[in-house]
Amino acid sequence: MEVFSLRLKDGGLNVFTDDKEQNGIKSNFWNILIVKRITRCEKLAHKIEAILDYLKTRFDSEPKPRLHIGEAMGCWTYYTALAEEIPVLEMALNTTTDNVLLKLIKEAKELAVEQRDILEEFMRALEGDPTIQDDGFCIVPVTHNIKLGELAYLIQSFKESRSNLSIPKMEDALTKKLYSTYLSFLPENQFSYDLKMNCDHRGSFTEFMRTPERGQVSVNVSKPGITKGNHWHHTKNEKFLVVSGEGLIRFRKIDSDEIIEYRVSGEKLQVVDIPTGYTHSIVNVGESDLVTVMWANECFDPEKPDTYFMEV
């Protein structure tokens with residue numbers, strides 16, 4: 001299958017075909033069109049940076065002549081080109097399914113919006129109407145559109161995240177900035193919050209964070225000599241990271257008698273993947289508590305635990 005790939009070269013994105021490329025973008029008319037749009041945004045960005053670097057030299061304490069018509073037209077030309085590209089990239093985000101291409105489109109859109117805002121504010125300054133801070137310096141204002149009800153819900157979700165262990169969607173620029181602002185206004189005696197520890201004679205298991213898109217992270221503590229697990233999952237996969245103590249992680253494929261063992265220790269941090277279809281266990285073989293950070297690709301659902309008991 002012919003595949004189109006993207007490579008950075010000479011400051012811009014180049015598109016080429018390569019039958020052997022494994023991680024490229026599947027070739028079709030729409031993907032080719034979007035790749036060309038991304039390439040154009042990248043090239044425009046480099047040109048805009050060069051223009052801005054030059055124009056900055058014209059603004060200091062010394063009087064300077066007005067911009068030449070060519071310089072002003074250059075600003076407007078690149079600004080208009082970016083304004084045309086952004087809607088196309090937004091449409092592409094909603095119609096493209098290729099994960100590699102989606103990531104590139106998102107990055108290209110963010111770059112285009114940033115450069116458009118810079119040029120827009122720069123031209124406002126040229127026209128005598130800059131946005132000025134209290135300290136007298138010009139700034140590039142950033143605006144985000146959101147309904148009042150959605151804003152209130154978002155802020156409330158930040159508060160509730162401490163109890164439901166959710167993580168805000170950091171890929172959204174407004175959410176990311178708003179959450180940082182929310183945390184900066186926390187009272188100094190409320191920086192910390194308690195987690196629910198599920199304790200018994202074997203140790204404890206504590207959920208740390210949960211996300212619908214990226215699964216959940218938990219901390220497992222096992223007392224010396226304790227074995228935990230002895231179960232397998234159908235769709236859930238996990239990653240174990242021992243950060244303290246000594247442990248033995250054992251696997252057995254559910255249709256096999258062969259046992260696989262990995263010895264792990266907090267002295268050498270290693271991530272061990274837990275594949276589906278393998279019954280597994282973790283044994284504390286040391287003399288102190290075994291502390292393991294566990295990630296699962298799915299948040300635990302008591303109605304559908306996807307956990308089946310079977311001895312390793």
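For Ser256, the requirement of being at negative phi, in contact with a Pro (Cβ under 9 Å, 6 or more places away or on another chain) and either among the aliphatic types (A, V, I, L, M) or surrounded by fewer than 16 Cβ atoms within 10 Å (Cβ to Cβ) (or both) is not met. Does Ser288 satisfy the condition of being polar (S, T, N, Q), over 20 Å from Glu207 (Cβ atoms) and more than 26 Å from the chain's Cα centre (by Cα)? Against the criterion (polar (S, T, N, Q), over 20 Å from Glu207 (Cβ atoms) and more than 26 Å from the chain's Cα centre (by Cα)), Ser288 qualifies.
Each row is one residue, and each column tells you yes or no for (1) over 30 Å from Glu213 (Cβ atoms); (2) among the hydrophobic types (A, V, I, L, M, F, W, C); (3) open to solvent by less than 70 Å² (accessible area, probe 1.4 Å); (4) assigned to a strand (DSSP E or B).
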position: Arg263; (1), (2), (3), (4): yes, no, no, yes
position: Thr279; (1), (2), (3), (4): no, no, yes, yes
position: Ile282; (1), (2), (3), (4): no, yes, yes, yes
position: Thr292; (1), (2), (3), (4): no, no, yes, yes
position: Glu298; (1), (2), (3), (4): no, no, yes, no
position: Pro305; (1), (2), (3), (4): no, no, yes, no
position: Glu311; (1), (2), (3), (4): yes, no, no, no
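All conditions in (1) within 24 Å of Pro305 (Cα to Cα); (2) more than 24 Å from the chain's Cα centre (by Cα); (3) crowded, with 16+ Cβ neighbours inside 10 Å hold for Lys236, with the sole exception of (2). Residues of segment 219-230 that are out of contact with any Ser or Thr (no Cβ under 6 Å at 6 or more places or on another chain) and not aliphatic (A, V, I, L, M): Ser222, Lys223, Pro224, Gly225. For segment 113-160, the set of residues classified as in a helix (DSSP H, G or I), modelled with pLDDT under 75 and open to solvent by 60 Å² or more (accessible area, probe 1.4 Å) consists of Arg124, Leu126, listed by residue number. Among the residues of segment 86-100, those that are out of contact with any helix residue (DSSP H, G or I) (no Cβ under 6 Å at 6 or more places or on another chain), part of a helix (DSSP H, G or I) and over 19 Å from Thr143 (Cα atoms) comprise Met91, Asn94, Thr95, Asn99, Val100.
With out of contact with any helix residue (DSSP H, G or I) (no Cβ under 9 Å at 6 or more places or on another chain), within 22 Å of Thr276 (Cα to Cα) and at pLDDT below 95 as the only criterion, which of Glu213, Glu238 stands out?
After ruling out the rest, the residue left standing is Glu213.
Looking across segment 178-196 at every residue that is within 18 Å of Met209 (Cβ to Cβ), in a loop (DSSP other than H, G, I, E, B) and among the aromatic types (Phe, Trp, Tyr), the one that is least open to solvent (accessible area, probe 1.4 Å) is identified as Tyr193. Quick check: anything in segment 169-177 farther than 28 Å from Lys304 by Cα, out of contact with any strand residue (DSSP E or B) (no Cβ under 9 Å at 6 or more places or on another chain), polar (S, T, N, Q) and open to solvent by less than 60 Å² (accessible area, probe 1.4 Å)? Scanning segment 169-177 turns up at least one residue that is farther than 28 Å from Lys304 by Cα, out of contact with any strand residue (DSSP E or B) (no Cβ under 9 Å at 6 or more places or on another chain), polar (S, T, N, Q) and open to solvent by less than 60 Å² (accessible area, probe 1.4 Å). The lone criterion from (1) outside any loop (DSSP other than H, G, I, E, B); (2) in contact (Cβ under 8 Å) with a residue 24 or more places away in the chain; (3) more than 19 Å from the chain's Cα centre (by Cα) left unmet by Ser163 is number (2).
The values are calculated or read from the model by the stated rules, or taken from the named source; none is laboratory data. Model, not experiment: these values are computed from the prediction. Note: ideal-geometry Cβ built from the backbone for every residue, glycine included; neighbour counts use all protein chains shown. When the accessible area is computed, the model is the full protein with side chains, heavy atoms only, and any ligands, DNA or RNA have been set aside. Shrake-Rupley method; radii C 1.70, N 1.55, O 1.52, S 1.80 Å.
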